[in-house]
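Below is one structure; the comments refer to it alone.
The values are calculated or read from the model by the stated rules, or taken from the named source; none is laboratory data. Predicted model only: the values in this text are computed from it and were never measured. Here the Cβ positions follow ideal geometry from the backbone for every residue, glycine too, while neighbour counts run over all protein chains shown.
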Amino acid sequence: MKEIELKEKERLDELQRNGYRIIQNPEKFCFGMDAVLLSGFVRAKKGDVLLDMGTGTGIIPILLEAKTECAHLTGLEIQEESADMARRSVALNGLSDKIDIVTGDIKEAGSYFASASFDIVTCNPPYMIGQHGLTNPEEPKAIARHEILCTLEDVISQAAKVLKPGGHFFLVHRPFRLAEIMTTMAKYKLEPKRMQLVYPYVDKEPNMVLLEATRGGKPRMTVEKPLIVYQSPGVYMPEIYDIYGY
């Protein structure tokens, strides 16, 4: 492991996988459970080439390098400060030969990368529509949570463009937008194949949905058993501990 210089207000967090660590700045944006659950939902084959769109500080490529046998992983991130943290985390973990971080716009993914060049595309996109209630739309947390710089259709259309025929798209989102997600996937020939709803507690409504779609796939979707996060306040269900690697 290399030692790396931290900038002001940055911290190093342990990832519980392969001894990997990640650089984050809690005043900007830190990865959440949704990114970790998406990394646990992804199915990748040995030798796959993967793109994570809107990678933030690189959490999903770093976790998936630890969990899968992908040949190469790329993270695309529009915010230079986040991309810089991601690059330094990749270097810190000795992964610069396996993971590239590209600074760029999801809306332009099809111009940065060759068409049909990835086996897998992952995305943990902004969930919230519009800028209602936002005092500073340029704040990194706002950009990560609200559709300020890209929309759901941008994400899905660009994923379809860079995926190989038969390639797989993995998304984490909010259930209240499920109908829109399905119709937009259909528009761009991404056929939903697996879905899993995530519930904070067994008696609460789901607050996340994990989806896998195949480019040009045949119609047939499996709905997996629900994923329950907490068995009691502050105590995860066993499956969550497994995903986190504790």
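Rundown of residues vs (1) in a loop (DSSP other than H, G, I, E, B); (2) more than 21 Å from K161 (Cα to Cα); (3) modelled with pLDDT under 95, yes/no style:
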| position | (1), (2), (3) |
| --- | --- |
| L37 | no, yes, no |
| K46 | yes, yes, no |
| P61 | no, no, no |
| E69 | yes, yes, no |
| L73 | no, no, no |
| L76 | no, no, no |
| E81 | no, yes, yes |
Q: Please indicate, with yes or no, whether at least one residue in segment 216-234 is of a type in the set (S, T, N, Q), closer than 29 Å to L15 by Cα and in contact (Cβ under 8 Å) with a residue 60 or more places away in the chain.
A: no
Q.
Quick check on my filter: what residues within segment 1-58 are within 11 Å of the chain's Cα centre (by Cα) and of a type outside the set (A, V, I, L, M)?
A. F31, G32, D34, S39, G40, F41, D52, G54, T55, G56, T57, G58
Q) What strands (runs of 3 or more DSSP E) lie completely within segment 88-176 and have 3 or more residues being of a type in the set (A, V, I, L, M), within 15 Å of K189 (Cα to Cα) and modelled with pLDDT under 95? A) none
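Select from segment 21-32 the residues that are in contact with a strand residue (DSSP E or B) (Cβ under 8 Å, 6 or more places away or on another chain) and outside any strand (DSSP E or B) and write down the one among them that is surrounded by the most Cβ atoms within 10 Å (Cβ to Cβ).
Only one residue fits best here, namely F31.
Return the residues of segment 177-201 that are touching a Leu at 6+ places or on another chain (Cβ under 9 Å) and either surrounded by 18 or more Cβ atoms within 10 Å (Cβ to Cβ) or not in a helix (DSSP H, G or I) (or both); say none if nothing qualifies.
Here is the first cut: in segment 177-201, the ones touching a Leu at 6+ places or on another chain (Cβ under 9 Å) are 177-178, 180-182, 184-185, 190, 192-199.
Across segment 177-201, the qualifying residues are I181, T184, M185, L190, P192, K193, R194, M195, Q196, L197, V198, Y199.
Please verify whether segment 2-14 includes one or more residues that are of a type outside the set (S, T, N, Q) and buried (at least 19 other Cβ atoms within 10 Å of the Cβ). Break it down stepwise before answering.
Taking segment 2-14 and keeping what is of a type outside the set (S, T, N, Q), we get 2-14.
Those still in the list that are buried (at least 19 other Cβ atoms within 10 Å of the Cβ) too: none.
Looking for residues that are of a type outside the set (S, T, N, Q) and buried (at least 19 other Cβ atoms within 10 Å of the Cβ), one finds none in segment 2-14, hence no.
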